[in-house]
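Before any comments, here is the structure.
The values are calculated or read from the model by the stated rules, or taken from the named source; none is laboratory data. Computed from a prediction, not measured in an experiment: that's the story for all the values here. Cβ atoms come from the backbone with ideal geometry, glycine included; neighbour counts cover every protein chain shown. Surface accessibility is based on the protein's heavy atoms, side chains included, excluding ligands, DNA and RNA. Shrake-Rupley method; radii C 1.70, N 1.55, O 1.52, S 1.80 Å.
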Amino acid sequence: MTNTRLRPLMAALSLALSGAAQAAEGDAAIWSFGGFGTLAAVHSSEREADFVGSNMQPNGAGRTQATSFSPDSRLGGQLTARFTPGLSAVLQVVTQHQYDNSWTPQIEWANVQYQLTPALRVRLGRIVMPNNLLSQTRYVGYANPWVRPPQEVYGESTITSNDGIDSAYVMRFGDAINTVSGFYGTSTAKLPNSSGGRAKANPSWGINNTLEMGATTLRVGFVSTKIDLVGTQVDSLIAGLNGFGAAASAIPVSSIKTAGAQSYALAQKYALEGISRQTLSFAASYDPGNWFVMGEFGHFVGKGIFGSANYGYASAGYRYGTWTPYVTLAQNKTVARTETGITTTGLPAQLAAGARALNAGVNTTLASASAESQKSISLGLRWDFMKNAAVKLQYDHMRLGQNASGQLANKSSSYQPGGTVNLVSVAVDFVF
């Protein structure tokens, strides 16, 4: 998010905090600070593409350098203020590898929370985007068993914060706690390897229900988003389709006019404004103490250049004192799509060549958008060697789908889709 869009948010937050402090009638506000971090190195067997921590990173381990600290290393701090029993605020800042190859700190959370009743609370400002079971802690490596959350699931959630409002209502039934939450707002993410490219969710909304019963947690969620893409390579394709449509429609020949109408229709179908995507997800975990098992599964439906996908993971581990071996199976299966495109029959040679080039461009774009299919098996070992710190060693064997590159980025011209990739990662996670 740009600094310009952030200033009104921070001004509103400062005003709210100032008013809360005055309302406290001289009583000192209670401030607390905490932090978290991960220092991690990952080695990739792939030499023609990079393994990255998210698709918002421009490079990582593999092609750029065989072993890299960039994908998973980060440092975060969180400042919390509680002005009254019902009014509080939080500010969280995280530094990690960014879209522009920098490590510039970013504001992840900046919100004010008011507890309207013991059961109902409301937050306003920048809040976490609640796409998954571990959205709240995905950056806090110490809170999670693995080196990184399974990318087949969490790679679908690249926008991690939302500027707007959310609320939660808690109901208790004996020992069970049920929480219904909803959110509404906007968010923006800058895209790597582009000149000012960005993805803007305007708006996003969703509803989640989480049921906690002792060691068991069950969650179901739905998120709907309208996305605008700006400054991407697809811009020139859409411009080409509209240009061809205008030129062909002006020629009073039936077959040429038909081709022009088809080109216009393709430009409209794959326009980069207001692209719809919806996600329905399910999650479950059971953690009685000595061992754990958990999983998340979802169905993603996209319109325009976004395809549809099914994804999920299952993970289990056993705690032997300070040691926790674990295993994870994960898969993301995207739906391949093609377009018949513009009919070239009856077109003059020059127009036919242009139509074929546009058809190829559309199908190349669709193939790229649907190339995240991969499955993986991960074996890991966590050692809690001291209070608030843990070392993790993890091996990942990833098998990419046919003609797919999975979560790989920064691919060379000689990169061949499909195949397998092996990763070895070492991480030190800590909180303070």
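Can you name every residue in region 260-309 that is of a type in the set (Gly, Ala, Ser), closer than 30 Å to LEU211 by Cβ and surrounded by fewer than 16 Cβ atoms within 10 Å (Cβ to Cβ)?
Those that are of a type in the set (Gly, Ala, Ser), closer than 30 Å to LEU211 by Cβ and surrounded by fewer than 16 Cβ atoms within 10 Å (Cβ to Cβ): SER276, GLY289.
Quick one: how many residues across region 343-389 are part of a strand (DSSP E or B), in contact (Cβ under 8 Å) with a residue 40 or more places away in the chain and open to solvent by 60 Å² or more (accessible area, probe 1.4 Å)?
Within region 343-389, residues that are part of a strand (DSSP E or B), in contact (Cβ under 8 Å) with a residue 40 or more places away in the chain and open to solvent by 60 Å² or more (accessible area, probe 1.4 Å) number 6.
If we keep just the residues of region 203-225 that are among the small types (Gly, Ala, Ser) and under 20 Å from PHE292 (Cα atoms), which is most open to solvent (accessible area, probe 1.4 Å)? Full working, then the answer.
So the first thing to find is which residues in region 203-225 are among the small types (Gly, Ala, Ser), and the list is 204, 206, 214-215, 221, 224.
Applying the additional criterion that residues be under 20 Å from PHE292 (Cα atoms) yields 214-215.
Working: GLY214: 75, ALA215: 32 Å².
Only one residue fits best here, namely GLY214.
In region 139-172, which residues are at pLDDT below 95 and either open to solvent by 30 Å² or more (accessible area, probe 1.4 Å) or outside any helix (DSSP H, G or I) (or both)?
GLY155, GLU156, SER157, THR158, ILE159, THR160, SER161, ASN162
Would you check which residues across region 281-295 are closer than 14 Å to LEU218 by Cβ, over 15 Å from the mean Cα position of the chain (by Cα) and of a type outside the set (A, V, I, L, M, F, W, C) and list them? Walk me through how you get there before you give the answer.
Start the filter on region 281-295 by keeping residues that are closer than 14 Å to LEU218 by Cβ, which leaves 281-287, 293-295.
Narrowing further to those that are over 15 Å from the mean Cα position of the chain (by Cα): 282-287, 293-295.
Within region 281-295, SER285, TYR286, ASP287, GLY295 qualify.
Looking at region 320-342, which of the residues that are of a type in the set (Ser, Thr, Tyr) and open to solvent by less than 60 Å² (accessible area, probe 1.4 Å) is modelled with the lowest pLDDT? Step through it out loud before you land on a result.
Pass one, region 320-342, residues of a type in the set (Ser, Thr, Tyr): 320, 322, 324, 326, 328, 334, 338, 340.
Next, only the ones that are open to solvent by less than 60 Å² (accessible area, probe 1.4 Å) stay: 324, 326, 328, 334.
On the way: THR324: 98, TYR326: 98, THR328: 98, THR334: 90.
My answer is THR334.
In region 74-108, which residues are assigned to a loop (DSSP other than H, G, I, E, B) and either in contact with a Ser or Thr (Cβ under 6 Å, 6 or more places away or on another chain) or aliphatic (A, V, I, L, M) (or both)? Can you show your working first?
Going residue by residue through region 74-108, those that are assigned to a loop (DSSP other than H, G, I, E, B) are 83-86, 97-105.
Residues satisfying the conditions are HIS97, GLN98, TRP103, PRO105.
So, in region 174-202, of the ones that are in contact with a Phe, Trp or Tyr (Cβ under 6 Å, 6 or more places away or on another chain) and over 22 Å from GLN98 (Cα atoms), which residue ends up least open to solvent (accessible area, probe 1.4 Å)?
VAL180
Checking LEU241 against (1) modelled with pLDDT under 95; (2) surrounded by 17 or more Cβ atoms within 10 Å (Cβ to Cβ): exactly one of these is not met. Which one?
(1)
Looking at the structure I just gave you, is LEU13 surrounded by 18 or more Cβ atoms within 10 Å (Cβ to Cβ), closer than 20 Å to VAL93 by Cβ and modelled with pLDDT under 50?
Against the criterion (surrounded by 18 or more Cβ atoms within 10 Å (Cβ to Cβ), closer than 20 Å to VAL93 by Cβ and modelled with pLDDT under 50), LEU13 qualifies.
Working only within region 310-319, note down all residues that are of a type outside the set (Ser, Thr, Tyr) and either open to solvent by less than 10 Å² (accessible area, probe 1.4 Å) or touching a strand residue (DSSP E or B) at 6+ places or on another chain (Cβ under 6 Å) (or both).
ASN310, GLY312, ALA314, ALA316, GLY317
Do we have GLY125 as in contact (Cβ under 8 Å) with a residue 12 or more places away in the chain, at positive phi and not basic (Lys, Arg) here?
yes
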